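Inspection log for the structure reproduced underneath, given as structure tokens.
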Amino acid sequence: MVTLKSPREIEMMTESGQLLASIHVALRDFIKPGVTTMEIDQFVEEKIREAGGIPAQIGYEGYEYATCTSVNDEICHGFPSDYELKQGDIVKVDFCIDLDGAISDSCWCYAVGEISEEHQTLMDVTKECLYRGIEQAQVGNRIGDIGAAIQEYAESKGFGVVRDFIGHGIGPSIHEAPQVPHYGIAGKGKRLKEGMTITIEPMITTGTWQMTMDDNGWTARTRDGGYCAQYEHSIAITADGPVLMTDQETVH
Ligand code: MF3
Ligand code: CO
């Protein structure tokens, strides 16, 4: 069932989201060659707790870390580890915060040092996919409008759209109805209503979107070893248009 949130609830989720966004802003300088993905995880967890929040991914369906840190061909749910990031890598850092019961969820993709032109294009196109999806998150539009806008743009650039993981409703739990695929047909699917809070989080690949699952049962990676980028915002659908609750531009 899709739950609609009150303006007060959206305000609280935005507080949570702004804490999350401020940590992503801090990660821009923290992530460089030689840093391990476990160090990223610890940095994020410390900042969440310092601000009185709870790293909401710990314990979620048995997940053990504050963050998912997915490198290069890892699509999502990469485990933080002693892997040292090196020049040319890209790393997606995805985490959720519970601040006074309000949940937010946002993933951002970071280049480690200089990266190849192809991977820079992948990152740029993926971010553009996110914003094209957000543009469709309007009262009266349908879920399919979001996916269609993303798919059309990604495929026009020759990239793949991951099918196995999708956006979702959010708050009070991390994953709620509705499902928000990053592919689809314009004009199809549930109608978007004022007060819906959802994530849009396209995972875009240089080659095939098909995945394999690691033995850990969590980490998905591309079947062909191509790189995957991802950006995610938590969004509220309002009469005034989509509100980016995890917007990094509005962090003060
Ligand atoms: N933050 C992820 C998302 O965007 C949730 C990961 S589930 C977890 O939906 F178990 F890994 F936390
Ligand atoms: Co999400």
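The values are calculated or read from the model by the stated rules, or taken from the named source; none is laboratory data. The model shown is predicted, which means the values in this text are computed figures rather than measured ones. No Cβ is skipped: glycine too gets one built from the backbone with ideal geometry, and neighbour counts run over all protein chains shown. Please note that ligands, DNA and RNA were not included when accessible areas were found on the heavy atoms of the full protein model with its side chains. Shrake-Rupley method; radii C 1.70, N 1.55, O 1.52, S 1.80 Å.
List of remarks:
- For region 199-216, the Karplus equation 6.51 cos²θ - 1.76 cosθ + 1.60, evaluated at θ = phi - 60°, returns couplings of 10, 10, 8, x, 10, 10, 10, 6, x, 6, 8, 6, 10, 10, 9, 5, 5, 6 Hz by residue, with Gly and Pro reported as x.
- Restraint check, LYS47/LYS157; LYS86/LYS188; LYS32/LYS188; LYS5/LYS32; LYS157/LYS188, Cα-Cα greater than 31 Å: LYS47/LYS157; LYS86/LYS188; LYS32/LYS188; LYS5/LYS32
- Check: region 70-122 dipole with +1 on Lys, Arg Cβ and -1 on Asp, Glu Cβ, in debye: 40 debye
- Cα gyration tensor shape of region 197-245, rounded if a/c is under 1.5, else prolate or oblate by comparing a/b with b/c: prolate
- Taken as Cα centroids, region 155-171 and region 188-252 sit 6 Å apart, rounded to the nearest whole angstrom.
- By average C-beta atoms within 10 angstrom, highest first, the peptides 200-209, 75-84, 128-137: 200-209, 128-137, 75-84
- Shown for the chain: the carbon plus sulfur share of the solvent-accessible area, taken with all protein chains present and a 1.4 angstrom probe, equals 48%.
- Between region 63-133 and region 2-39, the alpha-carbon center distance in angstrom: 12 Å
- Computed from phi, the 3J(HN,Hα) profile of region 238-252 under the Karplus parametrisation 6.51, -1.76, 1.60 (θ = phi - 60°) reads 10, 4, 8, x, x, 9, 7, 5, 10, 5, 7, 5, 9, 6, 10 Hz, with x in place of Gly and Pro.
- Here's the picture: charge each Lys and Arg Cβ at +1 and each Asp and Glu Cβ at -1 in region 154-252, and of GLY169, ILE235, ILE185 the one pushed furthest to the positive end of that dipole is ILE185.
- For ASN141, distant residues with modelled amide H under 5 Å away: LEU192
- Taking the Cα centre of region 26-165 as origin and assigning +1 to Lys and Arg Cβ atoms and -1 to Asp and Glu Cβ atoms, the resulting dipole is close to 340 debye.
- Across the chain, Cα-Cα pairs farther apart than 31 Å form 17% of the total.
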